[in-house]
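The values are calculated or read from the model by the stated rules, or taken from the named source; none is laboratory data. Keep in mind it's a predicted model, so treat the numbers as computed, not measured. Reconstructed Cβ throughout: ideal geometry from the backbone, glycine too, with neighbour counts over all protein chains shown.
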Amino acid sequence: MPDELDRLFELLVTGLSKDNRLAVPFPAAEVYERLVPYRSNRSHLNVATHQDYEMTVLRLLAGERGYLRLEPDDVREAMQREVTATSPDTAYFRNFPDCRVMINRLAAERFLRGDMRYGPPEPEEEEEEEPVSWTGENPISPAPGERPSAPGAISSAPSVAASVLPSGISKKDAPAGTVCSTGAANPGRPCGAGR
């Protein structure tokens, strides 16, 4: 179930997408002054007080859940410390109105598709993930039709398979007349492919 941080990010992404500005960095002050101001959004955010709203904005600008990135890094780190403080100054972000905010493209796409929550992948997964794409950077994607090779894949051109007779160990398992290959010609069935 989405909480106030999810709802704030959803409103921010919706407002930026209407203006086609999701990929454009903007000043932090726009979040709370123009894009998602407290007075016009408090009922949708479901926050009880202005202080609750400010704490949600502080959490968002501090980079909680990776929804956005705030630059410079030292200001973001100071906001992260403020969020975890015993008695946080919820309006702390107002001291840095000109910091640059960049929306996490992947998180924004999920919200626009209707997936209400973006979260980093589970730590149990050992697969290599695509790096987070921040809208302030311009990554170069592969050419159309070109896919990056998967781990363990052979990226060279296919070679001719060398055919050999089965070894003494495999003779008992292979039917008579079976030819074993290196697997390059038929990677799915390396033994018996030449039959």
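For region 18-98, which fully contained helices (runs of 4 or more DSSP H) count at least 2 residues that are basic (Lys, Arg)? Can you show your working first?
Numbers: elements: 38-45, 50-61, 73-84.
In region 18-98, the matching helices (runs of 4 or more DSSP H) lie at 38-45, 73-84.
Quick check on Glu77: is it surrounded by fewer than 17 Cβ atoms within 10 Å (Cβ to Cβ) and either at positive phi or at pLDDT 90 or above (or both)? Working first, answer last.
Numbers: surrounded by fewer than 17 Cβ atoms within 10 Å (Cβ to Cβ): yes; either at positive phi or at pLDDT 90 or above (or both): yes.
It is true that Glu77 is surrounded by fewer than 17 Cβ atoms within 10 Å (Cβ to Cβ) and either at positive phi or at pLDDT 90 or above (or both).
Can you say whether Arg59 is touching a residue at least 12 places away in the same chain (Cβ under 8 Å) and among the basic types (Lys, Arg), as far as the supplied structure shows? Even if it seems obvious, please write down each step before you answer.
On the way: touching a residue at least 12 places away in the same chain (Cβ under 8 Å): yes; among the basic types (Lys, Arg): yes.
It is true that Arg59 is touching a residue at least 12 places away in the same chain (Cβ under 8 Å) and among the basic types (Lys, Arg).
Scan region 47-55 and tell me whether some residue there is touching an Asp or Glu at 6+ places or on another chain (Cβ under 7 Å) and polar (S, T, N, Q).
No, there is no match, as no residue in region 47-55 is touching an Asp or Glu at 6+ places or on another chain (Cβ under 7 Å) and polar (S, T, N, Q).
Filter region 81-114 down to residues that are under 16 Å from the mean Cα position of the chain (by Cα) and of a type in the set (Lys, Arg), then give me how many there are.
Of the residues in that region, 3 qualify.
Out of curiosity, is Arg39 crowded, with 16+ Cβ neighbours inside 10 Å and basic (Lys, Arg)? Step through it out loud before you land on a result.
Numbers: crowded, with 16+ Cβ neighbours inside 10 Å: no; basic (Lys, Arg): yes.
So Arg39 does not fit the description; no.
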